[in-house]
Amino acid sequence: MPEPENHPDEAMEPAGGTGATMDLAQDEARGLERPPGHETAPGGTTEKPRSLWSDAWRDLRRNPVFILSALVIAFLVVISIWPGLIASGNPLSCNLANSQKGSAPGHPFGFDNQGCDVYTRVVYGARASVTVGVCATLGAAILGSVLGGLAGFFGGAGDAVLSRVSDIFFGIPIVLGGLVFLSVVTGTTVWPVIGFIVLLGWPQIGRIARGSVITARQNDYVQAARALGAGNSRLLLRHIAPNAVAPVIVVATIALGTYISLEATLSYLGVGLKPPTVSWGIDISQASSQIRNAPHMLLWPAGALSVTVLAFIMLGDAVRDALDPKLR
Amino acid sequence: MGRYVIRRVLQMIPVFIGTTLLIFFMVYALGDPVAAKCGDRACDPATAAQIRHDLYLDHPLWQQYLHYMAQIFQGDFGTAYNGQQVTELMGSAFPVTLRLTIVAILFEIVIGITLGVITGMRRGRPVDTGALVLTLIVISIPTFVTGYVLQYLLGVKWGVIEPSVSAEAPFNELIVPGLVLALVSLAYVTRLTRTSIAENTRADYVRTAIAKGLPRSRVITRHLLRNSLIPVVTFIGTDIGALMGGAIVTERIFNIRGVGFQLYQGILRLDSATVVGFVTILVIVFLAANLLVDLLYAVLDPRIRYA
Amino acid sequence: MTTEPTVPSVPTEPPLLEVRDLHVEFRTRDGVAHAVNGVSYTVSAAETLAVLGESGSGKSVTAQAIMGILDSPPGFVTQGEILFRGQDLLKMNAEDRRKVRGAKMAMIFQDALSSLNPVLSVGNQLAEMFIVHEGMSRKDAKSKAIELMDRVRIPAARDRVGDYPHQFSGGMRQRIMIAMALALEPDLIIADEPTTALDVTVQAQVMELLAELQREYSMGLILITHDLGVVADVADYIAVMYAGRIVETAPVHEIYRRPAHPYTKGLLASIPRLDQKGRELYAIKGLPPNLLHIPPGCAFNPRCPMAQAVCRADVPPLYEVSPTRASACHFWKEALDG
């Protein structure tokens, strides 16, 4: 090893003081913006720590896709709870005399087969879809996260059993399962549908939760916390969960959109929601045979359904882009 | 590699049992097959008892299941609502659905991968953004909606195709239904391919391939595509499940007398033999497809073989 | 502002590679990053030039520009010439340049695991060189591949030729990369941090192999690294880079003995030494500059202990320190003596 002649120490003190402004480090030639940091001698720069969440929120705020979809969803949630805000009529008050008529004053979307006002039914239909979507997602997310997370954390036999059980549920294509399961179930409320979607949907979220818990568990800070005497529940709640939850949120948000679509499909097939519940799927199903004569009966609820699903999926996409470290 | 295969096959067995048991349970425990056989009127006790005995329903559920499974392995799926053997219905229905599915998968692979490769290599440009938006919209519109819209536009308004498919369902009539069936999956394939290609284009081994002085075409086919398409291929395999569900809807819209049609009829008439029979076969197909895909994955990615 | 610096080297024969006043910039959405700002160096056959510098100094980008594998966009060569055996590579058409790559000049990368195609066998990737550049048959190419693996001392080459990269250890993977590089006996090899990802003992083995092969094939070798220790045994000349410019060049022994640039001095002083027990490790104050906003004048001036007003105003050219040395410091004399 060659020997440097000069000894560093004092000789390297800056002659003219540290008046010059320091430009901050950059990785390669590509820039990653960082806020102005503080200098510490003799050579490091410390910056304010930024968490994944604050970064993600900053990105989301600036993403027009997110803003647009969030607005649409907010609007949908509001009219689900208070449909009367924009629809004054009653979705169930129908007059057969008006069957299949086109739009008329006070009835912008026309009438359906039964003579019900399509506009009112479309507005009220939002409630069913949003309710099923939100409840099913919450249920599947909670069930999936808990089961998948515990399996990922503890591993062992429980994990193996969970994997096989998940495989069983994965082995049933969801529409197929819906046909079979829901056709034998009676009752006209939303709960059987929600229950079914949760039943077949939790493995997807469970798998993601398990994977991210396993990844988080392998981090050194978990070892460190354990060495400091942290018990399992503390580890799970305070250390692992906050770091493992991001992928679950992404999948759940996207799943919301697909669950709404699924509910509509099941209602269309006749095994989902049933009258007198107002659902877009039911309306589309009833309108389908008359598509030649009165396409408006089908197109309006179909359009509303598509916009709703699109809004949720766009939201999920935007959330994923914000939380995905690989795209930063 | 052999060990990997055996392991996967063994893993499949409990899953198969669990799935068929679950379906069996859902249909037989929750529903009432006897009432179905009698039609709209209630059965008199003697007939009901006779039917129960014929259908083996006077035994405990698990015995029923075993009995049913034994029958299946002998090729007997029972009798359908119209008196035909379920296997006969399957014989007429499966080829039709098979053709439909083949058309759909071809669309998915050809259009999906091509579009994905083009956009993946031109990331950020207008083609890419346009494709992203388009795929997002396609994913959001449920299959039955696109089905009706296309049926209306192409079948009724512009008269390009027949709105309903004939009973023999030849390939050319299945093109539009196949496209409808494939659309959502196609969109997913495009996005997945795009992401995979975009990631791999920046990869170190691609840089090495270029540094070796290989021609661009070889870098793309032999290095980039071979790596990028692995997740796509595995996705297509698992997507078969979604295609099966979508087939039910598509067949209903276009009046195709395939598996979905028979299944739907069986459900309408509460015919458990038909329902359980068809669904069991579909589940077997799905599991087999998944197994094949896993094997294919191991063939394509050597890192898996020795895991 | 920069004069046309040329690297003085003892001319024995026309240089194999001559880089003249190369400028490379990256156009990002935050602005233009000047990654390489007037770099010139030469490499002759059988000679090893070590290019030293921190991350962001431009050493890898220069190498990529030489090889023609620059990511473009966003990278662009805006000025300069790269003369390989007298021919300017930048003026060649893409197809001719491609033929030169791999066959006449080759590159070895840092991380062999990610730099090798994971789904193709090692033998396949080696044979590819012969199949594409020399039109060999697959059978012949395969035997050559086995030969190569033997040459870089991979045990049981014949059995392992069908194995995949992940089945080899780190050191062996790097040897495979070396084998791939010298498959067609190129005139020039560029090794970009070839040992950074390896253990120290394996490092030594790989460097030894590289030196041996270089001697055997009389290749020119550009060794890019940030590790001064690795360089001492292998290099003939050292070029130190900072912020996209060359700040000092010298034959290897002289630079260790008497550096002529404050940055080089700082790098040498940062090497931990056994007789420094109990003392705080020295590190150059501050950080490399943001390439989007390189400080005016000498880029090193904010961190330099000898900086004066002229340093903040004028970019120092490469002053000739001796027929074989140059330093881009206005006060190189003081640096040399102090």
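The values are calculated or read from the model by the stated rules, or taken from the named source; none is laboratory data. Owing to the predicted nature of the structure, the values given are computational and were not obtained by experimental measurement. Glycine also receives a Cβ, built like all others from the backbone with ideal geometry; neighbour counts cover every protein chain displayed.
Quick rundown of the values:
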read-out	value
Qualifying residue in the range A:242-261 (condition: among the aromatic types (Phe, Trp, Tyr), closer than 20 Å to B:Tyr188 by Cβ and under 17 Å from the mean Cα position of the chain (by Cα))	yes
Residues (touching a helix residue (DSSP H, G or I) at 6+ places or on another chain (Cβ under 8 Å) and either under 23 Å from B:Gly245 (Cβ atoms) or free of Cβ contacts under 8 Å to residues at least 60 places away in the same chain (or both)) located in the range B:117-131	B:Ile118, B:Arg122, B:Val127
Failed item, numbered, when A:Leu299 is tested on (1) surrounded by 23 or more Cβ atoms within 10 Å (Cβ to Cβ); (2) closer than 27 Å to A:Gly115 by Cα; (3) among the aliphatic types (A, V, I, L, M)	(1)
Out of A:Thr131, A:Thr137, sole residue that is out of contact with any helix residue (DSSP H, G or I) (no Cβ under 6 Å at 6 or more places or on another chain) and among the β-branched types (Val, Ile, Thr)	A:Thr131
Breaking point among (1) more than 10 Å from chain A (Cβ to nearest Cβ); (2) surrounded by fewer than 24 Cβ atoms within 10 Å (Cβ to Cβ); (3) modelled with pLDDT of 85 or more, for B:Arg252	(1)
Residue among A:Arg62, A:Arg58 that is more than 17 Å from the chain's Cα centre (by Cα), surrounded by 12 or more Cβ atoms within 10 Å (Cβ to Cβ), over 17 Å from A:Thr131 (Cβ atoms) and at pLDDT 80 or above	A:Arg58
Matching helices (runs of 4 or more DSSP H) fully within the range C:194-305 where at least 1 residues are touching a helix residue (DSSP H, G or I) at 6+ places or on another chain (Cβ under 9 Å), of a type in the set (Phe, Trp, Tyr) and outside the structural domain of C:Ala33 (by TED's automatic domain parsing)	none
Conditions (1) surrounded by 24 or more Cβ atoms within 10 Å (Cβ to Cβ); (2) at pLDDT below 90: number failed by C:Ile222	(2)
Yes/no for A:Gly133 being under 18 Å from the mean Cα position of the chain (by Cα) and either small (Gly, Ala, Ser) or not in a helix (DSSP H, G or I) (or both)	yes
Qualifying positions in the range B:144-164 - in contact (Cβ under 8 Å) with a residue 12 or more places away in the chain, at the interface with another protein chain (Cβ under 7 Å from one of its Cβ atoms) and within 20 Å of the chain's Cα centre (by Cα)	B:Phe144
Out of B:Val285, B:Val276, B:Val259, B:Val293, sole residue that is more than 9 Å from chain A (Cβ to nearest Cβ), under 23 Å from B:Thr19 (Cα atoms), buried (at least 24 other Cβ atoms within 10 Å of the Cβ) and in contact (Cβ under 8 Å) with a residue 12 or more places away in the chain	B:Val259
B:Gly83, sole failed condition from (1) on the phi > 0 side of the Ramachandran plot; (2) in contact with a Phe, Trp or Tyr (Cβ under 9 Å, 6 or more places away or on another chain); (3) not polar (S, T, N, Q)	(2)
Matching entry among A:Ile208, A:Ile197, A:Ile168 (being of a type in the set (A, V, I, L, M, F, W, C), without any contact (Cβ under 8 Å) to a residue 24 or more places away in the chain and buried (at least 18 other Cβ atoms within 10 Å of the Cβ))	A:Ile168
Single match in A:Leu305, A:Leu273 (criterion: aliphatic (A, V, I, L, M), under 27 Å from A:Ile79 (Cβ atoms) and modelled with pLDDT of 85 or more)	A:Leu305
Test: residue in the range B:6-26 that is more than 14 Å from chain A (Cβ to nearest Cβ), at pLDDT 80 or above and either assigned to a loop (DSSP other than H, G, I, E, B) or within 23 Å of A:Phe169 (Cα to Cα) (or both)	yes
Residue check, B:Phe171 surrounded by fewer than 18 Cβ atoms within 10 Å (Cβ to Cβ) and in the same structural domain as B:Arg218 (by TED's automatic domain parsing)	yes
Elements of type strands (runs of 3 or more DSSP E) in the range C:46-144, at least 3 residues being crowded, with 20+ Cβ neighbours inside 10 Å, modelled with pLDDT of 90 or more and within 14 Å of chain B (Cβ to nearest Cβ)	C:105-108
